[in-house]
Ligand SMILES: Cc1ncc(COP(=O)(O)O)c(C=O)c1O
(Lines give C-alpha, C1' and ligand atoms only; values in the text may rest on other atoms or scores of the structure.)
Protein backbone atom coordinates (compact mmCIF):
# COMPACT_ATOMS: atom_id res chain seq x y z
CA UNK A 1 0.00 0.00 0.00
CA UNK A 2 1.40 3.41 -0.99
CA UNK A 3 2.00 5.62 2.03
CA UNK A 4 -0.40 8.55 2.36
CA UNK A 5 1.70 11.63 3.15
CA UNK A 6 1.57 13.44 6.49
CA UNK A 7 0.09 16.57 4.92
CA UNK A 8 0.93 19.06 7.68
CA UNK A 9 4.60 18.10 7.87
CA UNK A 10 4.92 17.85 4.06
CA UNK A 11 3.60 21.36 3.54
CA UNK A 12 5.94 22.70 6.24
CA UNK A 13 8.94 20.75 4.93
CA UNK A 14 8.48 22.05 1.40
CA UNK A 15 7.79 25.66 2.26
CA UNK A 16 8.98 26.81 5.67
CA UNK A 17 12.47 27.70 4.49
CA UNK A 18 11.24 29.52 1.39
CA UNK A 19 8.80 32.03 2.86
CA UNK A 20 9.72 35.34 4.49
CA UNK A 21 7.43 34.71 7.44
CA UNK A 22 6.90 31.26 8.91
CA UNK A 23 3.96 31.13 11.33
CA UNK A 24 3.46 27.40 10.87
CA UNK A 25 5.58 26.50 13.92
CA UNK A 26 3.75 25.53 17.09
CA UNK A 27 6.61 26.00 19.54
CA UNK A 28 8.39 29.07 20.89
CA UNK A 29 11.41 30.81 19.36
CA UNK A 30 14.25 28.26 19.81
CA UNK A 31 17.07 28.72 22.30
CA UNK A 32 20.69 29.04 21.20
CA UNK A 33 23.30 26.50 22.35
CA UNK A 34 25.16 29.30 24.18
CA UNK A 35 22.07 29.92 26.33
CA UNK A 36 22.43 26.37 27.67
CA UNK A 37 26.23 26.48 27.99
CA UNK A 38 26.51 29.36 30.40
CA UNK A 39 29.90 28.46 31.92
CA UNK A 40 33.37 28.06 30.39
CA UNK A 41 33.53 24.57 31.88
CA UNK A 42 30.38 23.43 30.07
CA UNK A 43 31.68 24.85 26.77
CA UNK A 44 34.90 22.90 27.18
CA UNK A 45 33.00 19.72 28.01
CA UNK A 46 31.03 20.03 24.79
CA UNK A 47 34.15 20.68 22.71
CA UNK A 48 35.90 17.68 24.24
CA UNK A 49 33.02 15.30 23.59
CA UNK A 50 34.03 12.26 21.59
CA UNK A 51 31.47 11.72 18.84
CA UNK A 52 30.79 8.03 19.29
CA UNK A 53 27.41 6.32 19.37
CA UNK A 54 25.43 7.13 22.47
CA UNK A 55 23.58 4.68 24.76
CA UNK A 56 20.89 3.51 22.37
CA UNK A 57 17.82 4.01 24.60
CA UNK A 58 19.28 7.25 26.05
CA UNK A 59 22.00 7.56 28.66
CA UNK A 60 21.07 6.70 32.23
CA UNK A 61 21.73 10.34 33.18
CA UNK A 62 19.22 11.54 30.57
CA UNK A 63 16.56 8.97 31.43
CA UNK A 64 16.94 9.73 35.14
CA UNK A 65 16.57 13.43 34.38
CA UNK A 66 13.36 12.72 32.42
CA UNK A 67 11.97 10.37 35.09
CA UNK A 68 12.24 13.18 37.66
CA UNK A 69 9.20 14.79 35.95
CA UNK A 70 7.12 11.58 36.21
CA UNK A 71 7.01 10.74 39.93
CA UNK A 72 7.20 7.04 40.68
CA UNK A 73 8.92 6.22 37.39
CA UNK A 74 12.60 5.37 36.94
CA UNK A 75 15.12 5.51 34.10
CA UNK A 76 13.95 2.00 33.17
CA UNK A 77 10.43 3.19 32.36
CA UNK A 78 11.78 5.52 29.70
CA UNK A 79 13.15 5.34 26.20
CA UNK A 80 14.81 8.42 24.69
CA UNK A 81 14.09 9.01 21.01
CA UNK A 82 14.83 11.32 18.11
CA UNK A 83 12.06 13.82 18.78
CA UNK A 84 8.56 13.17 20.02
CA UNK A 85 7.77 12.04 16.50
CA UNK A 86 9.97 8.94 16.85
CA UNK A 87 8.42 8.17 20.24
CA UNK A 88 4.95 8.31 18.63
CA UNK A 89 6.15 6.14 15.75
CA UNK A 90 7.66 3.45 17.99
CA UNK A 91 4.55 3.33 20.17
CA UNK A 92 2.23 3.08 17.12
CA UNK A 93 4.33 0.30 15.59
CA UNK A 94 4.62 -1.55 18.90
CA UNK A 95 0.84 -1.44 19.43
CA UNK A 96 0.30 -2.76 15.91
CA UNK A 97 2.74 -5.65 16.34
CA UNK A 98 1.89 -6.58 19.92
CA UNK A 99 -1.89 -6.61 19.62
CA UNK A 100 -2.81 -8.55 16.47
CA UNK A 101 -6.20 -9.37 18.00
CA UNK A 102 -7.06 -5.67 18.55
CA UNK A 103 -7.14 -3.93 15.21
CA UNK A 104 -9.30 -0.92 16.05
CA UNK A 105 -7.64 2.27 17.15
CA UNK A 106 -9.33 5.39 18.42
CA UNK A 107 -7.84 8.78 17.68
CA UNK A 108 -8.78 12.21 19.00
CA UNK A 109 -9.50 14.80 16.29
CA UNK A 110 -8.46 17.55 15.77
CA UNK A 111 -4.92 16.48 16.54
CA UNK A 112 -1.37 16.37 15.28
CA UNK A 113 -2.33 13.76 12.71
CA UNK A 114 0.78 11.56 12.98
CA UNK A 115 -0.43 8.63 15.11
CA UNK A 116 -3.79 8.30 13.31
CA UNK A 117 -1.94 8.58 9.98
CA UNK A 118 0.52 5.80 10.88
CA UNK A 119 -2.29 3.49 11.97
CA UNK A 120 -4.29 4.18 8.79
CA UNK A 121 -1.19 3.55 6.68
CA UNK A 122 -0.73 0.24 8.52
CA UNK A 123 -4.25 -0.72 7.48
CA UNK A 124 -5.83 -0.36 10.94
CA UNK A 125 -9.47 0.51 11.48
CA UNK A 126 -9.05 4.04 12.85
CA UNK A 127 -12.11 5.58 14.50
CA UNK A 128 -12.16 9.24 15.45
CA UNK A 129 -13.54 10.83 18.53
CA UNK A 130 -13.84 14.58 18.67
CA UNK A 131 -12.76 17.49 20.69
CA UNK A 132 -15.87 19.63 20.30
CA UNK A 133 -16.53 23.27 20.83
CA UNK A 134 -19.03 23.45 23.68
CA UNK A 135 -19.80 26.59 25.65
CA UNK A 136 -16.88 28.43 24.04
CA UNK A 137 -14.36 25.68 24.91
CA UNK A 138 -12.85 22.69 23.13
CA UNK A 139 -13.63 19.57 25.17
CA UNK A 140 -13.56 15.81 24.43
CA UNK A 141 -16.87 14.22 23.53
CA UNK A 142 -16.86 11.51 26.20
CA UNK A 143 -20.21 10.01 25.13
CA UNK A 144 -18.90 9.64 21.57
CA UNK A 145 -15.72 8.01 22.90
CA UNK A 146 -17.81 5.50 24.86
CA UNK A 147 -19.71 4.65 21.70
CA UNK A 148 -16.64 4.03 19.51
CA UNK A 149 -14.37 2.10 21.91
CA UNK A 150 -14.92 -1.67 21.92
CA UNK A 151 -13.16 -4.78 23.22
CA UNK A 152 -11.30 -4.80 19.89
CA UNK A 153 -9.79 -1.38 20.56
CA UNK A 154 -6.00 -1.63 20.88
CA UNK A 155 -5.46 1.94 22.00
CA UNK A 156 -6.91 5.41 22.39
CA UNK A 157 -4.56 8.25 21.42
CA UNK A 158 -4.98 11.79 22.71
CA UNK A 159 -2.92 14.96 22.60
CA UNK A 160 -3.01 17.11 25.74
CA UNK A 161 -2.48 20.08 25.65
CA UNK A 162 -3.95 19.78 22.21
CA UNK A 163 -2.47 20.67 18.86
CA UNK A 164 -4.06 22.54 17.00
CA UNK A 165 -6.55 24.09 19.45
CA UNK A 166 -4.21 24.80 22.40
CA UNK A 167 -6.98 23.37 24.62
CA UNK A 168 -6.22 21.58 27.88
CA UNK A 169 -8.24 18.47 28.72
CA UNK A 170 -9.22 18.73 32.37
CA UNK A 171 -8.57 16.05 35.01
CA UNK A 172 -12.12 14.75 35.16
CA UNK A 173 -12.27 14.26 31.37
CA UNK A 174 -8.85 12.53 31.49
CA UNK A 175 -10.17 10.22 34.19
CA UNK A 176 -13.28 9.49 32.10
CA UNK A 177 -11.08 8.67 29.07
CA UNK A 178 -8.88 6.37 31.20
CA UNK A 179 -11.97 4.63 32.61
CA UNK A 180 -13.24 3.91 29.09
CA UNK A 181 -9.82 2.52 28.13
CA UNK A 182 -9.79 0.38 31.30
CA UNK A 183 -13.32 -0.98 30.68
CA UNK A 184 -12.11 -2.23 27.28
CA UNK A 185 -8.57 -3.23 28.27
CA UNK A 186 -7.15 -0.73 25.75
CA UNK A 187 -3.90 1.24 25.97
CA UNK A 188 -4.04 4.98 26.47
CA UNK A 189 -1.39 7.00 24.62
CA UNK A 190 -1.05 10.67 25.48
CA UNK A 191 1.17 13.05 23.52
CA UNK A 192 1.98 15.67 26.15
CA UNK A 193 4.58 17.62 24.18
CA UNK A 194 2.94 21.02 24.92
CA UNK A 195 2.84 20.44 28.68
CA UNK A 196 4.93 23.24 30.21
CA UNK A 197 3.87 25.79 27.56
CA UNK A 198 0.66 26.86 29.33
CA UNK A 199 -0.57 30.45 29.10
CA UNK A 200 -2.00 30.07 32.58
CA UNK A 201 0.18 29.52 35.66
CA UNK A 202 -1.20 26.06 36.41
CA UNK A 203 0.30 23.11 34.51
CA UNK A 204 -1.95 20.97 32.33
CA UNK A 205 -2.87 17.66 34.00
CA UNK A 206 -1.02 14.56 32.80
CA UNK A 207 -2.29 11.00 32.45
CA UNK A 208 0.79 9.89 34.37
CA UNK A 209 -0.19 7.49 37.14
CA UNK A 210 -3.94 7.44 36.47
CA UNK A 211 -4.15 4.07 34.69
CA UNK A 212 -1.82 1.07 34.38
CA UNK A 213 -1.78 0.83 30.57
CA UNK A 214 -0.53 4.27 29.64
CA UNK A 215 2.30 5.57 27.52
CA UNK A 216 3.19 9.27 27.49
CA UNK A 217 5.19 10.75 24.65
CA UNK A 218 6.92 14.11 24.75
CA UNK A 219 10.05 16.01 23.78
CA UNK A 220 12.10 19.15 24.20
CA UNK A 221 10.75 20.65 20.96
CA UNK A 222 7.86 22.78 22.22
CA UNK A 223 7.79 23.72 25.91
CA UNK A 224 11.60 23.81 26.01
CA UNK A 225 12.21 25.61 22.70
CA UNK A 226 14.81 23.03 21.63
CA UNK A 227 13.39 21.34 18.50
CA UNK A 228 16.79 21.23 16.81
CA UNK A 229 18.07 18.77 19.44
CA UNK A 230 15.55 16.23 18.10
CA UNK A 231 15.24 14.78 21.58
CA UNK A 232 12.06 13.11 22.73
CA UNK A 233 10.92 10.24 24.92
CA UNK A 234 8.23 7.76 25.83
CA UNK A 235 7.36 7.10 29.47
CA UNK A 236 5.87 3.64 29.93
CA UNK A 237 3.80 2.36 32.81
CA UNK A 238 6.03 -0.75 33.01
CA UNK A 239 9.75 -1.36 32.51
CA UNK A 240 8.86 -4.25 30.20
CA UNK A 241 7.10 -1.98 27.70
CA UNK A 242 10.04 0.44 27.69
CA UNK A 243 12.31 -2.49 26.91
CA UNK A 244 10.08 -3.66 24.09
CA UNK A 245 9.96 -0.17 22.53
CA UNK A 246 13.76 -0.18 22.62
CA UNK A 247 13.76 -3.21 20.29
CA UNK A 248 11.79 -1.14 17.78
CA UNK A 249 14.22 1.77 17.95
CA UNK A 250 17.07 -0.61 17.08
CA UNK A 251 15.39 -0.88 13.67
CA UNK A 252 14.96 2.85 13.12
CA UNK A 253 17.53 5.30 14.46
CA UNK A 254 19.85 3.23 16.74
CA UNK A 255 20.23 6.08 19.24
CA UNK A 256 19.66 9.78 19.85
CA UNK A 257 22.62 11.98 18.88
CA UNK A 258 25.26 12.01 21.60
CA UNK A 259 25.42 15.83 21.63
CA UNK A 260 21.65 16.04 21.99
CA UNK A 261 21.56 13.48 24.81
CA UNK A 262 24.12 15.56 26.73
CA UNK A 263 22.50 18.95 26.06
CA UNK A 264 19.05 17.53 26.89
CA UNK A 265 20.32 16.24 30.24
CA UNK A 266 21.51 19.77 30.94
CA UNK A 267 18.18 21.34 29.92
CA UNK A 268 16.26 18.92 32.16
CA UNK A 269 18.25 19.83 35.25
CA UNK A 270 15.49 21.25 37.51
CA UNK A 271 17.16 24.67 37.86
CA UNK A 272 17.70 25.04 34.11
CA UNK A 273 14.27 23.60 33.37
CA UNK A 274 12.60 26.16 35.64
CA UNK A 275 14.33 29.01 33.77
CA UNK A 276 13.38 27.59 30.38
CA UNK A 277 9.78 27.12 31.45
CA UNK A 278 9.64 30.72 32.67
CA UNK A 279 11.00 31.92 29.31
CA UNK A 280 8.43 29.84 27.42
CA UNK A 281 5.57 31.16 29.53
CA UNK A 282 6.71 34.71 28.98
CA UNK A 283 6.92 34.19 25.20
CA UNK A 284 3.44 32.65 24.95
CA UNK A 285 1.85 35.25 27.23
CA UNK A 286 3.51 38.28 25.57
CA UNK A 287 2.90 37.06 22.05
CA UNK A 288 -0.66 35.98 22.74
CA UNK A 289 -1.44 39.62 23.61
CA UNK A 290 -0.17 40.66 20.14
CA UNK A 291 -2.05 37.84 18.47
CA UNK A 292 -5.31 38.54 20.32
CA UNK A 293 -5.23 42.24 19.41
CA UNK A 294 -4.71 41.31 15.76
CA UNK A 295 -7.50 38.70 15.82
CA UNK A 296 -9.91 41.18 17.39
CA UNK A 297 -9.15 43.65 14.61
CA UNK A 298 -10.48 41.04 12.12
CA UNK A 299 -13.53 39.92 14.09
CA UNK A 300 -15.66 40.27 10.93
CA UNK A 301 -13.95 37.21 9.35
CA UNK A 302 -11.99 35.50 12.16
CA UNK A 303 -13.48 33.76 15.20
CA UNK A 304 -11.31 32.19 17.89
CA UNK A 305 -11.17 30.59 21.31
CA UNK A 306 -8.12 31.66 23.31
CA UNK A 307 -5.61 28.80 23.64
CA UNK A 308 -4.80 27.58 27.17
CA UNK A 309 -1.37 26.27 26.14
CA UNK A 310 1.06 26.19 23.20
CA UNK A 311 1.99 29.04 20.87
CA UNK A 312 -0.86 28.29 18.47
CA UNK A 313 -4.38 29.52 17.88
CA UNK A 314 -7.02 27.61 15.91
CA UNK A 315 -9.20 30.12 14.12
CA UNK A 316 -12.50 29.77 12.28
CA UNK A 317 -12.35 31.83 9.10
CA UNK A 318 -15.29 33.25 7.16
CA UNK A 319 -13.54 34.72 4.12
CA UNK A 320 -15.66 32.73 1.68
CA UNK A 321 -12.75 30.67 0.31
CA UNK A 322 -11.43 27.30 1.55
CA UNK A 323 -8.73 27.39 4.21
CA UNK A 324 -6.30 25.42 2.05
CA UNK A 325 -6.75 27.89 -0.79
CA UNK A 326 -6.31 30.80 1.61
CA UNK A 327 -3.09 29.29 2.96
CA UNK A 328 -1.71 28.72 -0.54
CA UNK A 329 -2.58 32.27 -1.58
CA UNK A 330 -0.94 33.64 1.57
CA UNK A 331 2.19 31.70 0.76
CA UNK A 332 2.33 32.72 -2.90
CA UNK A 333 1.12 36.30 -2.66
CA UNK A 334 2.38 37.37 0.78
CA UNK A 335 5.21 34.92 1.57
CA UNK A 336 3.64 33.87 4.88
CA UNK A 337 3.17 30.23 5.89
CA UNK A 338 0.40 29.13 8.25
CA UNK A 339 -1.48 25.79 8.44
CA UNK A 340 -4.94 25.00 7.02
CA UNK A 341 -7.67 23.29 9.07
CA UNK A 342 -7.85 20.62 6.35
CA UNK A 343 -4.56 19.26 7.74
CA UNK A 344 -6.34 18.57 11.05
CA UNK A 345 -9.55 17.25 9.47
CA UNK A 346 -11.32 20.49 10.37
CA UNK A 347 -11.89 22.48 7.16
CA UNK A 348 -12.82 26.13 7.60
CA UNK A 349 -10.12 26.71 10.22
CA UNK A 350 -6.58 28.08 10.21
CA UNK A 351 -3.77 27.38 12.67
CA UNK A 352 -1.45 30.31 13.27
CA UNK A 353 1.70 29.90 15.38
CA UNK A 354 2.67 32.92 17.45
CA UNK A 355 5.83 31.72 19.22
CA UNK A 356 8.27 33.71 17.10
CA UNK A 357 9.91 37.07 18.02
CA UNK A 358 7.36 39.95 18.19
CA UNK A 359 9.29 41.91 15.54
CA UNK A 360 8.75 38.97 13.20
CA UNK A 361 5.21 38.17 14.31
CA UNK A 362 3.81 41.67 13.84
CA UNK A 363 4.87 42.20 10.19
CA UNK A 364 3.77 38.64 9.38
CA UNK A 365 0.30 39.32 10.77
CA UNK A 366 0.22 42.60 8.83
CA UNK A 367 0.82 40.60 5.63
CA UNK A 368 -2.10 38.29 6.48
CA UNK A 369 -4.23 41.42 7.06
CA UNK A 370 -3.38 42.60 3.55
CA UNK A 371 -4.85 39.44 2.01
CA UNK A 372 -7.88 39.44 4.33
CA UNK A 373 -8.60 43.05 3.32
CA UNK A 374 -8.21 42.22 -0.36
CA UNK A 375 -10.72 39.37 0.05
CA UNK A 376 -13.38 41.44 1.83
C1 LIG B 1 1.55 16.96 19.21
C2 LIG B 1 2.88 16.82 18.57
N3 LIG B 1 3.60 15.69 18.80
C4 LIG B 1 4.80 15.50 18.25
C5 LIG B 1 5.36 16.47 17.43
C6 LIG B 1 6.73 16.21 16.87
O7 LIG B 1 7.65 16.80 17.74
P8 LIG B 1 9.22 16.60 17.68
O9 LIG B 1 9.77 17.84 17.06
O10 LIG B 1 9.63 16.47 19.10
O11 LIG B 1 9.51 15.39 16.90
C12 LIG B 1 4.67 17.65 17.16
C13 LIG B 1 5.23 18.67 16.27
O14 LIG B 1 4.62 19.65 15.90
C15 LIG B 1 3.40 17.84 17.76
O16 LIG B 1 2.68 18.94 17.56
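All told, residue 265 falls short of being at pLDDT below 95 and in contact with a helix residue (DSSP H, G or I) (Cβ under 7 Å, 6 or more places away or on another chain).
Among residues of the range 8-49 being assigned to a loop (DSSP other than H, G, I, E, B) and within 13 Å of the ligand (Cβ to nearest atom), the one that is surrounded by the most Cβ atoms within 10 Å (Cβ to Cβ) is 28. Residue 194 meets each of the listed conditions (1) within 18 Å of residue 287 (Cβ to Cβ); (2) more than 11 Å from the ligand (Cβ to nearest atom); (3) crowded, with 24+ Cβ neighbours inside 10 Å apart from (2). Would you check if there is a residue in the range 103-122 being assigned to a helix (DSSP H, G or I) and within 11 Å of the ligand (Cβ to nearest atom)? Yes, because at least one residue in the range 103-122 is assigned to a helix (DSSP H, G or I) and within 11 Å of the ligand (Cβ to nearest atom).
Scanning the range 137-171 for residues that are outside any helix (DSSP H, G or I), more than 26 Å from residue 90 (Cβ to Cβ) and more than 16 Å from the ligand (Cβ to nearest atom) gives 137, 139, 141, 170. Applying the condition of being touching a helix residue (DSSP H, G or I) at 6+ places or on another chain (Cβ under 8 Å) and in a helix (DSSP H, G or I) to the range 198-240 and asking which residue is farthest from the ligand (Cβ to nearest atom) yields 239. Residue 73 meets all of the listed conditions (1) under 16 Å from residue 214 (Cα atoms); (2) buried (at least 24 other Cβ atoms within 10 Å of the Cβ); (3) touching a residue at least 60 places away in the same chain (Cβ under 8 Å); (4) touching a helix residue (DSSP H, G or I) at 6+ places or on another chain (Cβ under 7 Å) but one, namely (2). Sub-8 Å Cβ pairs linking a first residue in the range 4-23 that is in the same structural domain as residue 323 (by TED's automatic domain parsing) to a second residue that is modelled with pLDDT under 95, at least 6 apart or interchain, are 22/16, ordered by first then second residue. For the structure I just gave you, tell me whether residue 252 is closer than 23 Å to residue 227 by Cα, at pLDDT below 95 and not assigned by TED's automatic domain parsing to the domain that holds residue 364. Criteria met by residue 252. Of the strands (runs of 3 or more DSSP E) entirely within the range 291-376, those holding at least 3 residues that are under 17 Å from residue 24 (Cα atoms) occupy 312-317, 349-353.
This table checks each residue for (1) farther than 15 Å from residue 217 by Cα; (2) outside the structural domain of residue 224 (by TED's automatic domain parsing); (3) modelled with pLDDT under 95; (4) within 19 Å of the chain's Cα centre (by Cα).
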residue: 45; (1), (2), (3), (4): yes, yes, no, no
residue: 56; (1), (2), (3), (4): yes, no, no, no
residue: 61; (1), (2), (3), (4): yes, no, no, no
residue: 66; (1), (2), (3), (4): no, no, no, yes
residue: 71; (1), (2), (3), (4): yes, no, no, no
residue: 78; (1), (2), (3), (4): no, no, no, yes
residue: 81; (1), (2), (3), (4): no, no, no, yes
residue: 84; (1), (2), (3), (4): no, no, no, yes
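One residue is enough: does the range 266-274 have a residue meeting the conditions within 19 Å of the chain's Cα centre (by Cα) and not in a helix (DSSP H, G or I)? Yes; the residues of the range 266-274 include at least one that is within 19 Å of the chain's Cα centre (by Cα) and not in a helix (DSSP H, G or I). Here the condition is being touching a residue at least 12 places away in the same chain (Cβ under 8 Å), surrounded by fewer than 16 Cβ atoms within 10 Å (Cβ to Cβ) and either touching a strand residue (DSSP E or B) at 6+ places or on another chain (Cβ under 8 Å) or assigned by TED's automatic domain parsing to the domain that holds residue 304 (or both); of 88, 160, 125, 111, it holds for 125 alone.
The values are calculated or read from the model by the stated rules, or taken from the named source; none is laboratory data. Note that the structure is predicted; figures quoted are calculated from it, not measured. As a convention, Cβ positions derive from the backbone with ideal geometry for all residues, glycine included, and neighbour counts pool all protein chains shown.
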